[in-house]
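Participant: Below you will find the structure I want to go over with you.
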Amino acid sequence: MIDRMLDESGVRILLEPFGLQLSSDQIGQILVYLNLLMRWNTKINLTSLRNAEEAVMRHFGESLCLAGRAKLQGNLLDIGSGAGFPGLALQIVFPGLATILLEPVAKKRAFLREVVRACDFMPVEVRRERLEEFAGSCQGKRFNAITARAVGHFDQLVPEAVKILKSDGRLYLWVGQQQGNDLRQSSDKVEWDSPFAIPLGREREIWVGRHK
């Protein structure tokens with residue numbers, strides 16, 4: 001349960017640094033999602049954050065700030081979804097984006113499906129495979145956008161992700177500055193745009209990659 005109940009105005013204030021223009025319905029989806037996150041987090045480890053205000057800024061704000069830099073359409077693959085950030089949260093600002101969430105932990109998949117149901121997110125598919133297994137079974141399917149946040153092993157992730165990225169698609173990675181610098185060495189098939197800083201992100205950035 002949320003320790004101090006947030007309302008629409010409270011969420012808007014917390015998200016102000018991220019430059020988001022959200023409707024009342026979208027804020028309502030955040031509140032439903034947030035309530036589920038706080039409740040489920042008492043039973044399974046979804047996030048280290050136990051404070052609702054921090055969760056709004058660190059998870060929703062950091063995820064949704066991509067909307068100010070990119071317009072996602074078509075289909076999206078989110079790698080290592082965990083509690084759904086950024087892949088599931090992006091449904092709030094890009095409704096109808098065909099989304100596949102890869103999450104190998106069964107309890108986390110159950111949580112993701114509950115959020116999809118409660119927030120009426122669609123079309124969203126929750127899958128158990130890890131990236132390498134999924135990429136090997138795609139049968140020619142390619143994605144307009146691929147996202148990953150709070151994951152590691154980019155030397156393995158990036159080459160696998162590029163295999164299933166459309167020729168004009170984009171790879172979006174939420175990383176720390178040092179991780180970002182390492183990305184340039186992760187694959188010779190990726191060209192990286194200039195990263196952009198995440199507001200209040202403590203030197204965290206979003207890196208955008210594309211086929212060379």
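Participant: Farther than 24 Å from Val208 by Cα, among the aliphatic types (A, V, I, L, M) and in a loop (DSSP other than H, G, I, E, B): is that true of Leu49 in this structure?
Facilitator: yes
Participant: Going residue by residue through segment 113-125, is there one that turns out to be buried (at least 19 other Cβ atoms within 10 Å of the Cβ), in contact with a Phe, Trp or Tyr (Cβ under 7 Å, 6 or more places away or on another chain), of a type in the set (A, V, I, L, M, F, W, C) and over 21 Å from Leu34 (Cβ atoms)?
Facilitator: no
Participant: Collect the residues in segment 75-98 that are assigned to a loop (DSSP other than H, G, I, E, B) and touching a Pro at 6+ places or on another chain (Cβ under 9 Å), keeping them in residue-number order.
Facilitator: Those that are assigned to a loop (DSSP other than H, G, I, E, B) and touching a Pro at 6+ places or on another chain (Cβ under 9 Å): Gly80, Gly96, Leu97.
Participant: Oh, and also: Taking Leu36 as meeting all but one of (1) part of a helix (DSSP H, G or I); (2) free of Cβ contacts under 8 Å to residues at least 24 places away in the same chain; (3) aliphatic (A, V, I, L, M), write down the number of the exception.
Facilitator: Condition (2) is where Leu36 drops out.
Participant: Among the candidates Gly84, Gly80, single out the residue that is in contact with a His (Cβ under 9 Å, 6 or more places away or on another chain), within 17 Å of Ala150 (Cβ to Cβ) and among the small types (Gly, Ala, Ser).
Facilitator: When all the criteria are applied, what remains is Gly84.
Participant: Consider only pairs whose beta carbons are under 8 Å apart and that are at least six residues apart or on different chains; among these, list those whose first residue lies in segment 62-74 and is closer than 13 Å to Leu200 by Cβ and whose second residue is of a type in the set (Gly, Ala, Ser) and in a loop (DSSP other than H, G, I, E, B).
Facilitator: Filtered contacts from segment 62-74: Glu62/Gly201; Cys65/Gly19.
Participant: So, in segment 167-195, exactly how many residues are touching a residue at least 40 places away in the same chain (Cβ under 8 Å) and more than 19 Å from the chain's Cα centre (by Cα)?
Facilitator: 2
Participant: Confirm whether Ser137 is hydroxyl-bearing (Ser, Thr, Tyr), surrounded by fewer than 18 Cβ atoms within 10 Å (Cβ to Cβ) and closer than 21 Å to Gly68 by Cβ.
Facilitator: no
Participant: Just name the residue that is modelled with the lowest pLDDT out of those in segment 177-195 that are small (Gly, Ala, Ser) and surrounded by 14 or more Cβ atoms within 10 Å (Cβ to Cβ).
Facilitator: Among those that are small (Gly, Ala, Ser) and surrounded by 14 or more Cβ atoms within 10 Å (Cβ to Cβ), it is Ser186.
Participant: Still on this structure, I have one more. crowded, with 21+ Cβ neighbours inside 10 Å, out of contact with any Leu (no Cβ under 7 Å at 6 or more places or on another chain) and at pLDDT 95 or above, is that true of Glu62?
Facilitator: So Glu62 fits the description; yes.
Participant: Looking for whichever is within 20 Å of Met57 (Cβ to Cβ), among the β-branched types (Val, Ile, Thr), in contact with a strand residue (DSSP E or B) (Cβ under 9 Å, 6 or more places away or on another chain) and surrounded by 15 or more Cβ atoms within 10 Å (Cβ to Cβ) here; the options are Ile198, Ile164, Ile146. Which one fits?
Facilitator: Sole residue among the options that is within 20 Å of Met57 (Cβ to Cβ), among the β-branched types (Val, Ile, Thr), in contact with a strand residue (DSSP E or B) (Cβ under 9 Å, 6 or more places away or on another chain) and surrounded by 15 or more Cβ atoms within 10 Å (Cβ to Cβ): Ile198.
Participant: Still on this structure, please answer the following. Among the residues of segment 184-195, write down those that are closer than 18 Å to Gly68 by Cα and in contact with a strand residue (DSSP E or B) (Cβ under 8 Å, 6 or more places away or on another chain).
Facilitator: Those that are closer than 18 Å to Gly68 by Cα and in contact with a strand residue (DSSP E or B) (Cβ under 8 Å, 6 or more places away or on another chain): Asp193, Pro195.
Participant: Being more than 16 Å from the chain's Cα centre (by Cα) and either outside any loop (DSSP other than H, G, I, E, B) or among the hydrophobic types (A, V, I, L, M, F, W, C) (or both) is the requirement here; does Gly61 meet it?
Facilitator: No; evaluated as a whole, the condition is false for this residue.
Participant: With the structure loaded, tell me whether Val158 is of a type in the set (Val, Ile, Thr), out of contact with any Lys or Arg (no Cβ under 7 Å at 6 or more places or on another chain) and surrounded by 13 or more Cβ atoms within 10 Å (Cβ to Cβ) or whether it fails that test.
Facilitator: Spelling it out, Val158 is indeed of a type in the set (Val, Ile, Thr), out of contact with any Lys or Arg (no Cβ under 7 Å at 6 or more places or on another chain) and surrounded by 13 or more Cβ atoms within 10 Å (Cβ to Cβ).
The values are calculated or read from the model by the stated rules, or taken from the named source; none is laboratory data. Note that this is a predicted model, so its numbers are computed, not measured. As a convention, Cβ positions derive from the backbone with ideal geometry for all residues, glycine included, and neighbour counts pool all protein chains shown.
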